[in-house]
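Colleague: My structure is below; once you've seen it, I'll send some questions.
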Amino acid sequence: MSRLTELLRQARKADKQLGDDLEKEFAALMKRRTFGLVFEQHQPEAVELPGRAVRRGDKVRVLPPRGEVKQGDQRLWRVERIERVDGGRVAHLLELDAEEPETQVVITDDLVVVAEFNDRIYPGLVETGRVERGGDKPFHTVINAENYHALEMLTYTHRGKVDAIYIDPPYNTGAKDWKYNNNYVEGDDDYRHSKWLAFMERRLEVARELLNLEDSVLIVTIDEKEVHRLALLLEQTFPAARSQMVTIVIQGAGSVRSGQMSRSEEYAFFCFFGRAHPQSWTDDMLNDNPSTARSKVRWESLLRSGTHSERWERPNLFYPIFVERGTGVIHSVGESRSADVPRSAWQVPDGCYAVWPLKSNGTEGNWRVSPSGLESLRALGYVRAGKTDESGTGTFWYLGKLARKNLAEGLFIETGRDDAGAAIVEVARSSPKRFPPRTVWTRTRHHAGWHGTNLLRSLVPNRRFPFPKSLYAVEDALRTALLHKPDAVVLDFFSGSGTTAHAVMRLNRQDGGRRQCISVTNNEVSAEEQHVLRRKGLRPGDEEWESQGICDYITKPRVTAAITGKTPEGEPIKGDYKFTDEFPMSEGFEENAAFFTLTYEAPLSVRHNRAFERIAPMLWLRAGSQGRIITDLGEDGWDVAETYGVLENLDQAGDFVARVAEEDSVKTAFIVTDDDSAFQMVCRDLPSAVLPVRLYESYLQNFMLRGGR
């Protein structure tokens, strides 16, 4: 290193610019990881936006002629200007990233807008439908979008608010299961592993901003193709997480592979952040017969043992308990004194003897409860005397925190008092024993064929989707993370057929929860179906093409069917849910869901309040996805919904603030103004429990800062 430093110094003497350039390159090399996961940082991805109108300044590709099945020209072009010719729109294009760029003129119908992932975007949402059966429950949402851009959008609505992320990313099998830059990654691609890692790293880095890092869980499932690389990637991306890998048997008979062992498992990484930890349940996921023994009423010894059990360590817990001669009943409790006071200094009541916290070897210890605390427990009947002796030794028992908690929750009941006045406590009902989940799961309900493919076929008959997850495997994974969080926000940005949202609904039904799931999936058409559609002369963006995409053809119909209990054809779903909660699938769920498509807005339109209808669903998401969406502010220029309000006409601020104050459920107020002093004036008048957000400053700043990453 010192030799290199000296050479750099000499180079700078000879040519300052050359020295500075070499030093920059040297610094960049020094930042590279020497240990851990190292992979090619491929060019940022790009996604085609077939639904987006072509604008001046856009990056575009020229589409192949209709009916052509081969891949078209993949070069990128810049739209220099657009003009009207014979009633149509014609774009003048300049080739990008070329030493001698070409130009051409193309009708806009033959162009598709391209967004690269280091481009700045300004997202919006358009609602495409909803289903409501859940009353005032928050809505589950399904967003049709490229997931990286959807994650960018969620940094405005859900930064630090997500309790759990469950994702099942592409397994990189080489069987056209995922695309990179609009091309399927083939099995013989020398860079397919590094492309996959670059693809995942970009998304995980944005996802990290969405998680509540004080108490949340990230769950990622994978197979053996990328399991080891994924483990290192998660460790590097989330160094503060406590990570464990679970092996899940998804097909006990195994999936036969020529010349190889039969695969029967996949893997799930659980990354716990902050206070989060695995939740115990009645099934440990591994053993055949987990114990279901009844809870027992356990009286604990009052004498402290183990650490900090010497008198001098806690003198305030050293005191006598006075017992009546003859009856052995507790008479009263003495006070504590400093550690240097001899036992003879205490005055013993007439007809009683003192029992001290003495260890078996005769040394002075201490009790577990203070004198006042023991008196309180004794008044409730939660203390009783065991065998005591006038020599000063003896045993006392009391009901600890867990037993008192079980009493409060009705698991235990008090049925009377004994002759000494102590409570008689019994078990009120059976309470199955709970276990932390094991790291190997061997449950038949996790069979991907039986409870993934077959179950999906019942919900949306005659519609195929490759390798859906077992509903119950996802349910068990989410229960491990969210059993204690009935109001959790769950995100799945590789949602595929919508199994995660379905599993969240199952959990809500089991415990009355109000968890909500945000599902993100694109509307990609399978490789085989694309070939057929292209031969028909169709392109992405055409209605017939889009109707066959994952989101419109599978995800939205599956979520709708799960809630309504009816297939897309309106027939009752056949079959029953099994295992933890068994009931006919035709009953559906008392849940709500709304469906959206991501849009790409012009920042000038946003700033001038011309894009409010597309920004409006994002405000609703940010406010909790509950109740109606404010899409029109009406003549008064303001409106208040169940959980939020929007004010555009500041002349009506008084009426707006008064209405917000009337609604206890309103927690967010969006104020449309460029005037900082006007914004501050409204903020001063709003109730303290309401969070004011300035539009469109907060929106524009969020995405300006994210641009160019």
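Colleague: In segment 352-364, what count of residues is obtained for those that are modelled with pLDDT of 95 or more and in a loop (DSSP other than H, G, I, E, B)?
Modeller: 2
Colleague: Follow-up. On the basis of being among the aromatic types (Phe, Trp, Tyr) and exposed (fewer than 13 other Cβ atoms within 10 Å of the Cβ), does TRP299 make the cut?
Modeller: No: the conditions fail for TRP299.
Colleague: For segment 101-126, give me each residue that is open to solvent by less than 70 Å² (accessible area, probe 1.4 Å), part of a strand (DSSP E or B) and either among the hydrophobic types (A, V, I, L, M, F, W, C) or under 27 Å from ALA488 (Cβ atoms) (or both).
Modeller: Selection gives VAL106, LEU111, VAL112, VAL113, VAL114, ALA115, PRO123, GLY124, LEU125, VAL126.
Colleague: Tally the residues that are of a type outside the set (D, E, K, R), outside any helix (DSSP H, G or I) and open to solvent by 50 Å² or more (accessible area, probe 1.4 Å), restricting the search to segment 585-613.
Modeller: So the answer is 1.
Colleague: Hey, does segment 574-581 have a residue that's among the hydrophobic types (A, V, I, L, M, F, W, C), open to solvent by 50 Å² or more (accessible area, probe 1.4 Å), assigned to a loop (DSSP other than H, G, I, E, B) and at pLDDT below 95?
Modeller: Yes: segment 574-581 contains one or more residues that are among the hydrophobic types (A, V, I, L, M, F, W, C), open to solvent by 50 Å² or more (accessible area, probe 1.4 Å), assigned to a loop (DSSP other than H, G, I, E, B) and at pLDDT below 95.
Colleague: Please work out if VAL490 is open to solvent by less than 10 Å² (accessible area, probe 1.4 Å) and in a loop (DSSP other than H, G, I, E, B).
Modeller: No: the conditions fail for VAL490.
Colleague: Under the condition of being open to solvent by 30 Å² or more (accessible area, probe 1.4 Å) and of a type in the set (Lys, Arg), which residue from segment 200-220 is nearest to ILE550 (Cα to Cα)?
Modeller: Per the stated criteria, the residue is ARG202.
Colleague: Looking at segment 393-413, which of its residues are of a type in the set (A, V, I, L, M), open to solvent by 70 Å² or more (accessible area, probe 1.4 Å) and closer than 22 Å to SER305 by Cβ?
Modeller: Answer for segment 393-413, where residues must be of a type in the set (A, V, I, L, M), open to solvent by 70 Å² or more (accessible area, probe 1.4 Å) and closer than 22 Å to SER305 by Cβ: just LEU402.
Colleague: Something else: Would you check which residues across segment 535-573 are touching a Phe, Trp or Tyr at 6+ places or on another chain (Cβ under 7 Å) and outside any loop (DSSP other than H, G, I, E, B) and list them?
Modeller: Matches in segment 535-573: ILE554, LYS556, ALA562, ILE563.
Colleague: I would also like to ask the following. When you go through (1) open to solvent by 60 Å² or more (accessible area, probe 1.4 Å); (2) modelled with pLDDT under 95; (3) touching a strand residue (DSSP E or B) at 6+ places or on another chain (Cβ under 6 Å); (4) not aromatic (Phe, Trp, Tyr) one by one for GLU146, which number turns out not to apply?
Modeller: GLU146 satisfies every listed condition except (1).
Colleague: So which residues in segment 423-449 are closer than 30 Å to ILE550 by Cα and surrounded by fewer than 16 Cβ atoms within 10 Å (Cβ to Cβ)?
Modeller: THR444, GLY449, listed by residue number.
Colleague: Tell me, which strands (runs of 3 or more DSSP E) lie completely within segment 42-90 with 1 or more residues that are on the phi < 0 side of the Ramachandran plot and loosely packed, with under 14 Cβ neighbours inside 10 Å?
Modeller: Hits in segment 42-90: 77-85.
Colleague: Of all residues being under 21 Å from the mean Cα position of the chain (by Cα) and outside any helix (DSSP H, G or I) in segment 467-486, which is farthest from GLU569 (Cα to Cα)? Just the residue, please.
Modeller: The selected residue is HIS484.
Colleague: Here is a follow-up. Provide a single number: the residues in segment 359-397 that are among the hydroxyl-bearing types (Ser, Thr, Tyr) and touching a residue at least 12 places away in the same chain (Cβ under 8 Å).
Modeller: Residues in segment 359-397 being among the hydroxyl-bearing types (Ser, Thr, Tyr) and touching a residue at least 12 places away in the same chain (Cβ under 8 Å): 6 in total.
Colleague: Of the numbered conditions (1) surrounded by 18 or more Cβ atoms within 10 Å (Cβ to Cβ); (2) assigned to a loop (DSSP other than H, G, I, E, B); (3) modelled with pLDDT of 95 or more, GLY160 fails exactly one; give the number of that condition.
Modeller: (1)
Colleague: Right, another one. TRP356 - would you say it is crowded, with 18+ Cβ neighbours inside 10 Å and within 45 Å of the chain's Cα centre (by Cα)?
Modeller: So TRP356 does not fit the description; no.
Colleague: So GLU390 ticks every box in (1) loosely packed, with under 14 Cβ neighbours inside 10 Å; (2) more than 17 Å from PHE318 (Cα to Cα); (3) under 48 Å from the mean Cα position of the chain (by Cα) but one. Which box is left unticked?
Modeller: (3)
Colleague: Keeping to segment 501-539, report how many residues are more than 20 Å from GLN626 (Cβ to Cβ) and crowded, with 16+ Cβ neighbours inside 10 Å.
Modeller: The total comes to 14.
Colleague: Then there's this: Just checking, does segment 449-466 include any residue being in a loop (DSSP other than H, G, I, E, B) and under 22 Å from VAL246 (Cβ atoms)?
Modeller: no
Colleague: Take the residues in segment 175-199 that are touching a residue at least 24 places away in the same chain (Cβ under 8 Å) and part of a loop (DSSP other than H, G, I, E, B); name whichever of them is most open to solvent (accessible area, probe 1.4 Å).
Modeller: If we take residues in segment 175-199 being touching a residue at least 24 places away in the same chain (Cβ under 8 Å) and part of a loop (DSSP other than H, G, I, E, B), then TYR191 is most open to solvent (accessible area, probe 1.4 Å).
Colleague: So in segment 221-240, with the set limited to residues that are over 25 Å from ALA46 (Cα atoms) and in a helix (DSSP H, G or I), which one is least open to solvent (accessible area, probe 1.4 Å)?
Modeller: Checked segment 221-240; the qualifying residue least open to solvent (accessible area, probe 1.4 Å) is VAL227.
Colleague: For a quick check of your reading: which strands (runs of 3 or more DSSP E) sit entirely within segment 388-435 and have at least 2 residues that are among the aromatic types (Phe, Trp, Tyr) and under 16 Å from SER301 (Cβ atoms)?
Modeller: Because the criterion is at least 2 residues that are among the aromatic types (Phe, Trp, Tyr) and under 16 Å from SER301 (Cβ atoms), the strands (runs of 3 or more DSSP E) in segment 388-435 that meet it are 394-399.
Colleague: Taking the condition touching a residue at least 12 places away in the same chain (Cβ under 8 Å), closer than 17 Å to ASN212 by Cα and not aromatic (Phe, Trp, Tyr), does ARG275 pass?
Modeller: Answer is yes for this residue.
Colleague: Which residues, counting only those in segment 398-418, are touching a residue at least 40 places away in the same chain (Cβ under 8 Å) and more than 37 Å from the chain's Cα centre (by Cα)?
Modeller: Result: TYR398, LEU399.
Colleague: Here are some residues: MET245, MET261. Which one is closer than 15 Å to TRP441 by Cα, open to solvent by 60 Å² or more (accessible area, probe 1.4 Å) and either under 23 Å from the mean Cα position of the chain (by Cα) or without any contact (Cβ under 8 Å) to a residue 24 or more places away in the chain (or both)?
Modeller: The conditions single out MET245.
The values are calculated or read from the model by the stated rules, or taken from the named source; none is laboratory data. Only a predicted model underlies this, so the values are computations on that prediction, with no experimental measurement involved. Here Cβ is always computed from backbone atoms with ideal geometry, including for glycine, and neighbour counts include all displayed protein chains. Remember, those area values only see protein heavy atoms, side chains included, never the ligands or the DNA or RNA. Shrake-Rupley method; radii C 1.70, N 1.55, O 1.52, S 1.80 Å.
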